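**Student:** If you scroll down you'll find the structure; I have some questions about it.
Throughout, read-outs are computed from the coordinates displayed, never taken from laboratory work. Small disclaimer: the values here were computed from a predicted structure and weren't measured. Because the Cβ atoms are built from the backbone with ideal geometry, glycine has one as well, and the counts that use them run over all protein chains shown.
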Amino acid sequence: MKLLPVALAIFYKFFDEKLHVWTQIRLDDGVYHGLLEFPGGKIEENESPLDAVVREVHEEVGIMIDPLAGKFMGIYPTAHKDKVILLNVFLFLDRLELSSKGSWLCIERDKLSSIYEGKIPGPNHEIIDDLFRSIYSDPRQT
């Protein structure tokens, strides 16, 4: 199977034991058309995952982000037809200019991302739920 490395940015904020993640509507004609998704895309040849996420956020959202502000969360592999997509996930804290460009999803402890079933791509459920658990299991984060 072919491996396709992709870089994703998750902008987040948390308060009152709720996680908020920023998403945008996917507009291209693909399997995720119309779903709420994190900005990101294919990692180009000779490009690092972090450089790719900075480029993709600029292309898709129109803002520049500081690569030093990003925190690598992990790689989430997902099978898709004849390839395995390797989602390289980077975390960034809330940016004020995001509010007018997309929407914030509210994640609560009892439901996690399940309330967004059918509204976000399947692989993003695991990422969101892992992020919630990591934030609220580490007392230094709250």
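**Student:** Say whether the condition of being touching a Gly at 6+ places or on another chain (Cβ under 6 Å) and either part of a loop (DSSP other than H, G, I, E, B) or not β-branched (Val, Ile, Thr) (or both) is met by at least one residue in region 77-93.
**Tutor:** There is at least one residue in region 77-93 that is touching a Gly at 6+ places or on another chain (Cβ under 6 Å) and either part of a loop (DSSP other than H, G, I, E, B) or not β-branched (Val, Ile, Thr) (or both).
**Student:** Would you say LEU112 is over 14 Å from the mean Cα position of the chain (by Cα), surrounded by 17 or more Cβ atoms within 10 Å (Cβ to Cβ) and more than 16 Å from ALA7 (Cα to Cα)? Quick ask: steps written out before the conclusion?
**Tutor:** Details: over 14 Å from the mean Cα position of the chain (by Cα): yes; surrounded by 17 or more Cβ atoms within 10 Å (Cβ to Cβ): yes; more than 16 Å from ALA7 (Cα to Cα): yes.
Yes; evaluated as a whole, the condition is true for this residue.
**Student:** Taking region 42-64 as the region of interest, how many residues are in contact (Cβ under 8 Å) with a residue 24 or more places away in the chain and assigned to a loop (DSSP other than H, G, I, E, B)?
**Tutor:** Step one: of region 42-64, the residues in contact (Cβ under 8 Å) with a residue 24 or more places away in the chain are 42-43, 49-50, 52-53, 56-57, 60-63.
Cutting the leftovers down to assigned to a loop (DSSP other than H, G, I, E, B) gives us 43, 62-63.
Summing the residues that are in contact (Cβ under 8 Å) with a residue 24 or more places away in the chain and assigned to a loop (DSSP other than H, G, I, E, B) in region 42-64 gives 3.
**Student:** Now for a separate question. For residues that are more than 16 Å from the chain's Cα centre (by Cα) and closer than 15 Å to LEU8 by Cα, tally how many sit in region 115-142.
**Tutor:** Of the residues in that region, 0 qualify.
**Student:** Of the residues PRO77, PRO39, PRO67, which is without any contact (Cβ under 8 Å) to a residue 40 or more places away in the chain, surrounded by fewer than 17 Cβ atoms within 10 Å (Cβ to Cβ), of a type outside the set (Asp, Glu) and closer than 21 Å to LEU4 by Cα? Steps first, please.
**Tutor:** On the way: PRO39 fails: surrounded by fewer than 17 Cβ atoms within 10 Å (Cβ to Cβ); PRO67 fails: closer than 21 Å to LEU4 by Cα.
Answer to the selection: PRO77.
**Student:** Answer yes or no as to whether ILE107 is over 13 Å from ILE10 (Cα atoms), of a type outside the set (Gly, Ala, Ser), in contact with a helix residue (DSSP H, G or I) (Cβ under 6 Å, 6 or more places away or on another chain) and in a loop (DSSP other than H, G, I, E, B). Please lay out each step first, then the result.
**Tutor:** Numbers: over 13 Å from ILE10 (Cα atoms): yes; of a type outside the set (Gly, Ala, Ser): yes; in contact with a helix residue (DSSP H, G or I) (Cβ under 6 Å, 6 or more places away or on another chain): yes; in a loop (DSSP other than H, G, I, E, B): no.
Against the criterion (over 13 Å from ILE10 (Cα atoms), of a type outside the set (Gly, Ala, Ser), in contact with a helix residue (DSSP H, G or I) (Cβ under 6 Å, 6 or more places away or on another chain) and in a loop (DSSP other than H, G, I, E, B)), ILE107 does not qualify.
**Student:** Additional query: For region 1-19, how many residues are more than 19 Å from GLY74 (Cα to Cα) and either within 16 Å of the chain's Cα centre (by Cα) or assigned to a strand (DSSP E or B) (or both)?
**Tutor:** Keep residues of region 1-19 that are more than 19 Å from GLY74 (Cα to Cα), which gives 1-2, 14-18.
In the following step, the residues that additionally are either within 16 Å of the chain's Cα centre (by Cα) or assigned to a strand (DSSP E or B) (or both) were identified as 2, 14-15, 18.
Residues that pass the stated criteria total 4.
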